[in-house]
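Participant: Following this message is one structure expressed as structure tokens.
The values are calculated or read from the model by the stated rules, or taken from the named source; none is laboratory data. Since this is a predicted model, take the numbers as computed values, not measurements. Here the Cβ is made from the backbone with ideal geometry for all residues, glycine too, and neighbour counts use every protein chain on show.
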Amino acid sequence: MGNQFRTAVLLAAMTAFILVIGQLLGGRQGMFIALIFAGGMNFFSYWYSDKLVLKMYRAQPITAGEAPELYETVRILANRAGLPMPKVYIIPQDQPNAFATGRNPDNAAVAVTRGLMNLMDRDEIEGVLAHELAHVKNRDILIGTIAATMAGAIMMLASMARWGAIFGGMRSDDDEGGMGIFGVIAMSIIAPMAAMLIQMAISRSREYLADSTGAAIAGRPDGLARALEKLGAYSRSRVMDANPSTAHMFIVNPLSAQKLSSLFSTHPPIEERVARLNGSRPAAPPSGSGPGRRQSEGAAFWDRLSG
């Protein structure tokens, strides 16, 4: 019930922003058009936003035959967590990162970048995958994916409003409730910031829980803690080719190398996450924990796809 309530609040807040933008663009008529648009976006977000995000990053599905070690690790962890086997994807990017998506555990997907598979050892990859499966188990994936889709729509509308006002294509008076050119420009700046704040509020609180749940699924916290340290060091030096509206979905902020993005980070500080993991009581290493050597099959798989 808690996640259903959060999803409803998120949809209501994002819908309100779209309606406000419609009001500014075209008064009552604009708000009516925005209402139709928001209804369509809500429907689309629930049923198709996961597919859109995966396509956005050109994620490639893999099978047990194509990447057996990665696939088997996900299978073992999912079974340990009491989850159905999710679909597994590889993202053809060199920055290490990962995310989970889908509207429920029966329709979940886990995606890792090629860079993550090349950088991490077995225990670290297992920790990252356990963290993402924790999001599935805690049912965070629907609200995160909806937030990404709706935030993207708000940013697109806000950008259209701003440029339309600047070049005189939007309303310049306030009849029918329009706020005029200055109101449109102001709201086109405020709305994306408000959408980002909602993303931050959702993501920050859920990352700590996913870390602790992921450590329990993996059976030990040290693999995830080391992975987070590596991911943090790497992300501070290089920006991932990522859409800001989806930043909250990743295990670490893919845009943290951008100074401005650090002021509005969708994730809690990595140092705090690592400290919390290292402060937890270590458990015995799990049996049958997947691959025993350094992962490199992400690059090999992508090489096969490329030629």
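Participant: If we scan the range 5-17, do we find a residue that is within 18 Å of the chain's Cα centre (by Cα), hydroxyl-bearing (Ser, Thr, Tyr) and either over 22 Å from ILE141 (Cα atoms) or modelled with pLDDT under 75 (or both)?
Facilitator: yes
Participant: Looking at the range 82-94, which of its residues are buried (at least 18 other Cβ atoms within 10 Å of the Cβ) and not in a strand (DSSP E or B)?
Facilitator: If we filter the range 82-94 for residues that are buried (at least 18 other Cβ atoms within 10 Å of the Cβ), which is where we start, we get 83, 86-91, 93.
The answer is LEU83, PRO86, GLN93.
Participant: Would you confirm whether any residue within the range 67-81 is charged (D, E, K, R), part of a loop (DSSP other than H, G, I, E, B), modelled with pLDDT of 90 or more and surrounded by fewer than 18 Cβ atoms within 10 Å (Cβ to Cβ)?
Facilitator: We begin by selecting, within the range 67-81, every residue charged (D, E, K, R); these are 69, 72, 75, 80.
Still in the running and part of a loop (DSSP other than H, G, I, E, B): none.
No: the range 67-81 contains no residue that is charged (D, E, K, R), part of a loop (DSSP other than H, G, I, E, B), modelled with pLDDT of 90 or more and surrounded by fewer than 18 Cβ atoms within 10 Å (Cβ to Cβ).
Participant: Just checking, how many residues over the range 34-56 are of a type in the set (Phe, Trp, Tyr) and in contact with a helix residue (DSSP H, G or I) (Cβ under 8 Å, 6 or more places away or on another chain)? Steps first, please.
Facilitator: Here is the first cut: in the range 34-56, the ones of a type in the set (Phe, Trp, Tyr) are 37, 43-44, 46-48.
Going one step further and asking which of them are in contact with a helix residue (DSSP H, G or I) (Cβ under 8 Å, 6 or more places away or on another chain), we end up with 37, 44, 46.
Selection size over the range 34-56: 3.
Participant: Looking at ILE76, is it under 18 Å from TYR234 (Cβ atoms), of a type in the set (A, V, I, L, M) and touching a residue at least 12 places away in the same chain (Cβ under 8 Å)? It would help to see each step written out before you state the result.
Facilitator: Details: under 18 Å from TYR234 (Cβ atoms): no; of a type in the set (A, V, I, L, M): yes; touching a residue at least 12 places away in the same chain (Cβ under 8 Å): yes.
Considered against the rule, which asks whether it is under 18 Å from TYR234 (Cβ atoms), of a type in the set (A, V, I, L, M) and touching a residue at least 12 places away in the same chain (Cβ under 8 Å), ILE76 comes out as no.
This table checks each residue for (1) of a type in the set (D, E, K, R); (2) assigned to a helix (DSSP H, G or I); (3) more than 20 Å from SER49 (Cβ to Cβ).
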{"residue": "PRO96", "(1), (2), (3)": "no, no, yes"}
{"residue": "PHE99", "(1), (2), (3)": "no, no, no"}
{"residue": "ASP106", "(1), (2), (3)": "yes, yes, no"}
{"residue": "GLY115", "(1), (2), (3)": "no, yes, yes"}
{"residue": "LEU133", "(1), (2), (3)": "no, yes, no"}
{"residue": "GLY144", "(1), (2), (3)": "no, yes, no"}
{"residue": "ALA151", "(1), (2), (3)": "no, yes, no"}
{"residue": "ALA158", "(1), (2), (3)": "no, yes, no"}
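Participant: Among (1) of a type in the set (S, T, N, Q); (2) at pLDDT 95 or above; (3) touching a Phe, Trp or Tyr at 6+ places or on another chain (Cβ under 8 Å), where does THR113 come up short?
Facilitator: The one condition THR113 does not meet is (3).
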